[in-house]
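Encoded as structure tokens, the structure appears first; notes follow it.
The values are calculated or read from the model by the stated rules, or taken from the named source; none is laboratory data. Fair warning: this is a prediction, and the values are worked out from it, not measured in the lab. Virtual Cβ from ideal backbone geometry, glycine too; neighbours counted across all protein chains shown. Heads up: the accessible areas ignore ligands, DNA and RNA and are worked out on the full protein's heavy atoms, side chains in. Shrake-Rupley method; radii C 1.70, N 1.55, O 1.52, S 1.80 Å.
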Amino acid sequence: MQISIRNITKQFDRFPALGGVSLEIGSGELVALLGPSGSGKTTLLRSIAGLEHPSSGQILFDGEDVSNLSVGERRIGFAFQSYALFRHMTVLNNVGFGLKVRPRKTRPSRAEIRERALELLDLVQLGGLENRFPSQLSGGQRQRVALARALAIEPRVLLLDEPFGALDAKVRKELRRWLRQLHDRLGLTTIFVTHDQEEALELADRVVVMNKGEIEQAGPPVEVYDDPATAFVSEFLGTVNTFQTTLSDGIAEVLGTDFPVADADIGEGPQRRHGPAIAYVRTHEIELLSRERAEGIPAIVRAVFPFGGSVRVELAVEGYDTPIQAEVPRAFFEAGEVRVNSGLFVRATNARVFPQYN
Amino acid sequence: MANLFGRVPIGLRSAVNEGAFTRLTLILIAVVFLALFLIMPLILVFVEALRQGAGAYFEALKDPDALSAMRLTLTVAVIAVPFNIVFGLAASWAIAKFDFRGKNLLISLIDLPFSVSPVISGLVWVLLFGSHSVLSPWLQAHDIQILFALPGLVLATMFVTFPFVARELIPLMQEQGTTDEEAALSLGASGLQTFWHVTLPNVRWALVYGVLLCTARAIGEFGAVSVVSGHIRGQTNTMPLHVEILYNEYSFVGAFAVASVLALLALVTLGIKAVLEWRYGNQLASGHRR
């Protein structure tokens, strides 16, 4: 199902949670709403569900205005961060709940409800656990019961609030992969909220980055990652070094190399080409050069974290107050160039430069 | 100062632990107090009731006035408690699940009967329905008897006992929040279905607990009921009032026999309460409060 969000605003007591958000979500798309806490991502999700009523704006499902429909009438599947399983019901009754409460005319028979619930439990790989109570399940299992329960009502869209938030790192990764497969199999339009960029980038077809109740950028993961539209997105995605610099005729110098200002149009008229600017350089965009080459800017290694495929290095560079973080290939580290207190040269291979307006 | 502190072996015991002597003294005080003020009177009730033998004891219980007092007490409880269940559920539902103006005022009002003297709780109804009240002519014209009759007793009892259910449910419902209800609604359940299948089962043991306390108080209430009862023997005397009358007439066996029934009811209540706390303690609001 296709979803159109048109200029949604939401006020909580005087504090605006959403300030005019518009978004189109295509049928069968898997979309991540990504942002820090307080960015309005959960409010947006709850507004789509009908759990929250926007102060103004419209929400359309397949062209039909659902703004005035209650949550029950919208036929959405919602998975809560805390799972919200009914603790006094077995797993089977939890999953069958949505069918059991249907009006008599459309309610399937008891046997049909049971059969359908068992099918769904198989789908979420929990066959055999139907007689357990939620308290007897692990976090990952609870989350899957919550998903099966949401799917039981044959929802038009699946809405997930921090679906993996309460799980440990390993289960989180497994469940993430599993959810992707499930989505591909069911083809259901799915929107999930997360504050974990890795989760959003790896799982979603499209990432919507939110900040302060507004959408900063919406696009495929590679696009938002490689081509951040705003300073906020640059800083929020990936691990970045931040540099204060100065624009002169649209060019800024970062670690001895010149970079052009990002050509983002943020709807505030033409970009400024002179004056203070801020530059973002990802850790893997910092190149370390051995002494002999003598390019770039001299730096001293302060700390080395040789864990994983790439090695994280902390460097002190003259003229920069905060240490610079770099990520270099393991081979470079094993060649013996990088040791604490050894001198090197650093260079930025890429930088995103934004004029500073405040 | 340094040598003064130096004598205390600080590293050997936890900061909040007291010496053996202090501990023993505190425990002893508590035990002696309990024995003197709670267990002794309870034993005395049964001793006095059985002073002239079991025959006299059961004879006293079979007295028509005593039986009528028991019947009336149960009738009052059976009417007042369901009303308070409905009120308690409605109030705690409203307070825990919705935000509205005057919420704190409502919470304070629910506690009012706890802070008001029971005599006042009774007197309110006398002022409202008594022969000098505004309503009196109308009530007389329609031949409605409220004071010195069952309605007055029920009203007074309800007033005194209405915090029990609400008090038990509010903290638990507030702690549980509204996500379970949101989940039910998102699955297409109606408001009523959500209440029956989700909200009520979530608080069922706390509700049973609250009803138990409410019933115990409804049966044992003396002050408020005394004001509105009129003390008509065999008609408007509840058990606690009947005990008083018999005692004032020096009918000690009768007084203590009826009192022993009240005491037994209290013990049964205590037993059920203990079982509930032991079995479902984690689902009771009072478990967190204590």
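Some points to look at:
- Residue A:31 passes every criterion in (1) out of contact with any strand residue (DSSP E or B) (no Cβ under 6 Å at 6 or more places or on another chain); (2) at pLDDT 95 or above; (3) more than 14 Å from every other protein chain (Cβ to nearest Cβ) apart from (1).
- Candidate set: segment A:156-174, residues that are open to solvent by less than 10 Å² (accessible area, probe 1.4 Å) and at pLDDT below 95; chosen: the one nearest to residue A:94 (Cα to Cα): A:163
- Condition broken by residue B:223, with the remaining ones in (1) under 30 Å from residue B:172 (Cα atoms); (2) surrounded by fewer than 20 Cβ atoms within 10 Å (Cβ to Cβ); (3) under 20 Å from the mean Cα position of the chain (by Cα) satisfied: (1)
- If you go through segment B:187-208 and keep only what is open to solvent by less than 40 Å² (accessible area, probe 1.4 Å), under 14 Å from residue A:87 (Cα atoms) and within 8 Å of chain A (Cβ to nearest Cβ), you end up with B:198, B:201, B:202.
- Any chance residue A:82 is closer than 14 Å to residue B:182 by Cα and in a loop (DSSP other than H, G, I, E, B): yes
- Residue list for segment A:120-142, filter: within 13 Å of chain B (Cβ to nearest Cβ) and under 26 Å from the mean Cα position of the chain (by Cα): A:142
- When the residues of segment B:62-77 are filtered to those that are assigned to a helix (DSSP H, G or I) and more than 27 Å from residue B:161 (Cα to Cα), the one that is most open to solvent (accessible area, probe 1.4 Å) is B:62.
- Filter result for residue B:224 (outside any loop (DSSP other than H, G, I, E, B) and touching a Pro at 6+ places or on another chain (Cβ under 7 Å)): yes
- Scanning segment A:321-334 for residues being open to solvent by 60 Å² or more (accessible area, probe 1.4 Å), of a type outside the set (Lys, Arg) and either under 19 Å from residue A:295 (Cα atoms) or within 32 Å of the chain's Cα centre (by Cα) (or both) gives a total of 6.
- The residues of segment B:160-180 that are β-branched (Val, Ile, Thr) and within 14 Å of chain A (Cβ to nearest Cβ), listed by number, are B:178, B:179.
- Within segment B:125-177, the set of residues being under 27 Å from the mean Cα position of the chain (by Cα) and among the β-branched types (Val, Ile, Thr) comprises B:126, B:146, B:154, B:157, B:160, B:161, B:165, B:170.
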